[in-house]
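The values are calculated or read from the model by the stated rules, or taken from the named source; none is laboratory data. Just so we're clear, the structure is a prediction, and the values are computed from it rather than from any experiment. A quick note on method: Cβ atoms are made from the backbone with ideal geometry, for glycine too, and the neighbour counts reach across all protein chains shown. Ligands, DNA and RNA are stripped out before the accessible areas are found, and what is left, the full protein with its side chains, is counted by its heavy atoms. Shrake-Rupley method; radii C 1.70, N 1.55, O 1.52, S 1.80 Å.
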Amino acid sequence: MAKNTNIYKFEIMEHIICAREFTTKEEVVELAKKMSEIAQANPEYSDEIKQAFQDAYREIDEELTLGNLQEIKKIIESQNNEE
């Protein structure tokens with residue numbers, strides 16, 4: 001089921017990155033952390049979804065730079081504008 005977790009992770013990351021305007025990486029990391037904590041506490045979420053939230057938080061925190069986050073947001077917004 002790792003593939004599903006990965007798909008969920010990218011969807012979660014997309015929502016986190018596009019949820020609001022940000023000027024620092026810390027703003028995005030804090031939102032990702034809060035969302036992950038809420039997901040972990042929700043008994044209705046499957047283990048896959050909970051893992052996907054943890055993975056999304058970890059990747060945003062440890063692997064992406066502010067520039068990466070801004071570029072991802074720009075790409076997503078331009079794709080949404082084309083639809």
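With a 10 Å cut-off between alpha carbons and a GNM built on the chain, which of 11, 27, 44 moves the most?
Answer for the Gaussian network model of the chain: 44.
Mind checking the per residue accessible area of the chain for me, 1.4 Å probe, whole number of Å²?
For the chain, the per-residue accessible area is 68 Å².
When only C-alpha pairs under 8 Å and at least 6 residues apart count, what is the relative contact order of the chain, in percent?
Dividing the mean separation by the residue count of the chain yields 42 percent.
What does the charge count around residue 72 come to, taking other residues whose C-beta lies under 15 Å from its C-beta (Lys +1, Arg +1, Asp -1, Glu -1)?
Result for the local shell: -4.
Points 7 angstrom from Cα along the Cβ direction at residue 81 and residue 20: gap in nanometres?
2.3 nm
The range 7-83: which trypsin sites (Lys or Arg not before Pro) are DSSP loop and have at most 12 other beta-carbon atoms within 10 angstrom?
Answer in residue order: 20.
Per residue of the range 41-55, what does 6.51 cos²θ - 1.76 cosθ + 1.60 with θ = phi - 60° give for ³J(HN,Hα)? Whole Hz please, x for Gly and Pro, Karplus curve as stated.
Residue by residue, the range 41-55 yields 7, 8, x, 7, 7, 6, 4, 4, 5, 4, 5, 4, 5, 4, 5 Hz.
Which percent of the accessible area of the chain is formed by carbon and sulfur heavy atoms (probe 1.4 angstrom)?
49 percent
Taking mean projected area of the Cα convex hull in nm² as the quantity of interest, determine which of [x] 11.7; [y] 7.0; [z] 5.7 was computed from the displayed structure.
The value computed from this structure is option [z].
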